[in-house]
Amino acid sequence: MMVLKEVVRVGIADMNVVKAPMTIRTSGLGSCVGVILYDETKKIAGLLHIMLPDSTLGKSSQLNAAKFADTGIYALMEMLKVEGVRPMSLKAKIAGGAQMFQFGSSDTIRIGPRNVEAVKEELKRLSIPILAEDTGGSSGRTIEFDPVTAILSVRTVNQGTKEL
Amino acid sequence: MTSENHITDMHLDVLKEIGNIGAAHAATSLSELLDRKIDMHVPNVKLVSFDEMFDLAGGAEAIVAGIFLRIEGDLSGSMFFVLSLESANHFIRRLIGDETFDFGASTLPDIGVSAMQELGNILSGSYLSALSDFTGLKIYPTVPSLSVDMVGAIVSFGLIEVSHFSDEVIVIDTQIREEGETGSTSIDGHFFLLPDPSSYITIFKSLGVM
């Protein structure tokens, strides 16, 4: 019997959680950062696609937690807790944070590196170790995580796909 | 007004008119450059989620040649001219007279990149000067920058400003098309004008609709 491997897609400023054998994917990360939180033994993983480092940058009344590093990682951890994952068993892999263009307002140019810094700070605060990362540079990335193998596939236009 | 909540159908019609005027001028410039007839579609103006914005440009993962520039002055916002690789190749090959030029190559010859940036200059310049004449607003475009990459990675850069305020963006999307001779490739591209939320009120005031 053929088992169809279902891929759950996560959009920009969004997040979701999958259990094996499903995989989880987000496309076209530029300055945004994709954060994977996973539990290797339970084979459950969450993916978050953040746009901005800090929720205090938000100027709208309704806060979309998944848009910011500081609120999104915590919210994803809460989602995983609902699935029975203990925060202590979580590990992280991250990708993205490119500088796609070299101009704009200075804050905007640096948004990729700032997103990466903010993600790392928040993971440190929550004591979640980062096991692999592919960040920076000036290329877009599409990432897919398989909770069975705990491998993060990172595809770029020029360098093909690598596995982290 | 800091959000799109108060945008009415009439306001969207005004933005559509702005897209019409801007793109008509850009289409004229392009047809002069190519000595071909260029078709311009009536712009589509709508409030979309960020993911829908990527879909308009072919899907987050689609590989495109994207010209990006910021607009500064009385108005601020982002502007993109996005071409599929096939369309970009077709255009630049004709412009520089080199049939082997390929945006898919790992290293791009400078002349093709320059030609593409110049195309961005000409088209965005004519688009924005028409917009400036129409509204009486001072508009300064930055030098356009080219990236050949995934749509999501390119366009999300222009959404950063908007994302501070909202999870949605007003996009003035104009499709620009060169009808090829029978069986030949045609150019099929999009202009996306994404005004920063703080600029909507400026636009509407300048046109007396607020």
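Condition check: within 18 Å of the chain's Cα centre (by Cα) and more than 14 Å from every other protein chain (Cβ to nearest Cβ). Does residue B:17 satisfy that? Please lay out each step first, then the result.
Working: within 18 Å of the chain's Cα centre (by Cα): yes; more than 14 Å from every other protein chain (Cβ to nearest Cβ): yes.
In short, yes.
So, in segment A:23-59, exactly how many residues are within 14 Å of chain B (Cβ to nearest Cβ), within 15 Å of residue A:97 (Cβ to Cβ) and aliphatic (A, V, I, L, M)?
Looking only at that region, the number is 5.
So, of the residues in segment A:99-124 that are over 16 Å from residue A:36 (Cα atoms), in contact with an Asp or Glu (Cβ under 9 Å, 6 or more places away or on another chain) and surrounded by fewer than 21 Cβ atoms within 10 Å (Cβ to Cβ), which turns out to be modelled with the highest pLDDT? Spell out how you get there, then give the answer.
Applying the first criterion (over 16 Å from residue A:36 (Cα atoms)) to segment A:99-124 yields A:99-114.
Those left that are additionally in contact with an Asp or Glu (Cβ under 9 Å, 6 or more places away or on another chain): A:100, A:104-105, A:108, A:114.
After this cut, where a residue has to be surrounded by fewer than 21 Cβ atoms within 10 Å (Cβ to Cβ) as well, the list is A:105, A:108, A:114.
On the way: A:105: 61, A:108: 70, A:114: 95.
Ranking the qualifying residues of segment A:99-124, first place goes to A:114.
Residue under question is residue B:139, and the condition is that it be within 13 Å of the chain's Cα centre (by Cα) and either at pLDDT 90 or above or surrounded by 23 or more Cβ atoms within 10 Å (Cβ to Cβ) (or both); does it hold?
Values: within 13 Å of the chain's Cα centre (by Cα): no; either at pLDDT 90 or above or surrounded by 23 or more Cβ atoms within 10 Å (Cβ to Cβ) (or both): yes.
So residue B:139 fails the test.
Any idea which of (1) open to solvent by 10 Å² or more (accessible area, probe 1.4 Å); (2) within 29 Å of residue B:148 (Cβ to Cβ); (3) touching a residue at least 40 places away in the same chain (Cβ under 8 Å) is the one residue A:31 doesn't satisfy?
(1)
Between a first residue in segment A:37-48 that is touching a residue at least 24 places away in the same chain (Cβ under 8 Å) and outside any strand (DSSP E or B) and a second residue that is of a type in the set (Gly, Ala, Ser) and open to solvent by less than 10 Å² (accessible area, probe 1.4 Å), which pairs have beta carbons less than 6 Å apart while being 6 or more apart in sequence or on different chains?
As it stands, the answer is A:40/A:150, since those pairs meet every condition given.
When you check residue A:164 against the structure, is it at pLDDT 95 or above and either touching a Cys at 6+ places or on another chain (Cβ under 9 Å) or under 14 Å from residue A:36 (Cβ atoms) (or both), yes or no?
On the way: at pLDDT 95 or above: no; either touching a Cys at 6+ places or on another chain (Cβ under 9 Å) or under 14 Å from residue A:36 (Cβ atoms) (or both): yes.
No, not satisfied.
Go over the candidates B:124, B:129, B:78, B:87 one by one and state the one that is touching a His at 6+ places or on another chain (Cβ under 9 Å) and either within 25 Å of residue B:40 (Cβ to Cβ) or not polar (S, T, N, Q) (or both). Walk me through it before giving the result.
On the way: B:124 fails: touching a His at 6+ places or on another chain (Cβ under 9 Å); B:78 fails: touching a His at 6+ places or on another chain (Cβ under 9 Å); B:87 fails: touching a His at 6+ places or on another chain (Cβ under 9 Å).
Answer to the check: B:129.
Test of understanding: among B:22, B:66, B:73, B:77, which residue is more than 12 Å from every other protein chain (Cβ to nearest Cβ) and surrounded by 17 or more Cβ atoms within 10 Å (Cβ to Cβ)?
Just one listed residue meets the conditions, B:22.
One residue is enough: does segment B:89-111 have a residue meeting the conditions modelled with pLDDT of 85 or more and within 29 Å of residue B:47 (Cβ to Cβ)?
Within segment B:89-111, none of the residues are modelled with pLDDT of 85 or more and within 29 Å of residue B:47 (Cβ to Cβ).
Evaluate segment A:52-63: report whether one residue or more is in contact with a Leu (Cβ under 6 Å, 6 or more places away or on another chain) and open to solvent by less than 40 Å² (accessible area, probe 1.4 Å). Even if it seems obvious, please write down each step before you answer.
Looking only at segment A:52-63, we keep the residues that are in contact with a Leu (Cβ under 6 Å, 6 or more places away or on another chain), and these are none.
Within segment A:52-63, not a single residue is in contact with a Leu (Cβ under 6 Å, 6 or more places away or on another chain) and open to solvent by less than 40 Å² (accessible area, probe 1.4 Å).
Please find, within segment B:158-174, the residue that is farthest from the other protein chains (Cβ to nearest Cβ) out of those that are touching a strand residue (DSSP E or B) at 6+ places or on another chain (Cβ under 8 Å) and open to solvent by 10 Å² or more (accessible area, probe 1.4 Å). Full working, then the answer.
Step one: of segment B:158-174, the residues touching a strand residue (DSSP E or B) at 6+ places or on another chain (Cβ under 8 Å) are B:158-164, B:167-174.
So of that shortlist, the ones also open to solvent by 10 Å² or more (accessible area, probe 1.4 Å) come out as B:161, B:164, B:167-168, B:173.
Values: B:161: 7, B:164: 5, B:167: 5, B:168: 10, B:173: 18 Å.
So the residue we want is B:173.
Would you say residue B:133 is more than 9 Å from chain A (Cβ to nearest Cβ) and either of a type in the set (D, E, K, R) or open to solvent by less than 10 Å² (accessible area, probe 1.4 Å) (or both)? Give the steps one after another, and end with the answer.
On the way: more than 9 Å from chain A (Cβ to nearest Cβ): yes; either of a type in the set (D, E, K, R) or open to solvent by less than 10 Å² (accessible area, probe 1.4 Å) (or both): yes.
Yes; evaluated as a whole, the condition is true for this residue.
In segment A:3-21, is there at least one residue being more than 10 Å from chain B (Cβ to nearest Cβ), open to solvent by 30 Å² or more (accessible area, probe 1.4 Å) and closer than 21 Å to residue B:154 by Cα?
Yes, some residue in segment A:3-21 is more than 10 Å from chain B (Cβ to nearest Cβ), open to solvent by 30 Å² or more (accessible area, probe 1.4 Å) and closer than 21 Å to residue B:154 by Cα.
Quick one: how many residues across segment A:4-36 are of a type in the set (D, E, K, R), more than 17 Å from residue A:164 (Cβ to Cβ) and part of a strand (DSSP E or B)?
Residues that pass the stated criteria total 2.
The values are calculated or read from the model by the stated rules, or taken from the named source; none is laboratory data. Just so it is clear, the model here is predicted, and its values are computed rather than measured. Don't worry about glycine lacking a Cβ; one is built from the backbone with ideal geometry, like all the others, and counts go over all protein chains shown. What goes into the accessible areas is simple: the full protein's heavy atoms, side chains included, and nothing from ligands, DNA or RNA. Shrake-Rupley method; radii C 1.70, N 1.55, O 1.52, S 1.80 Å.
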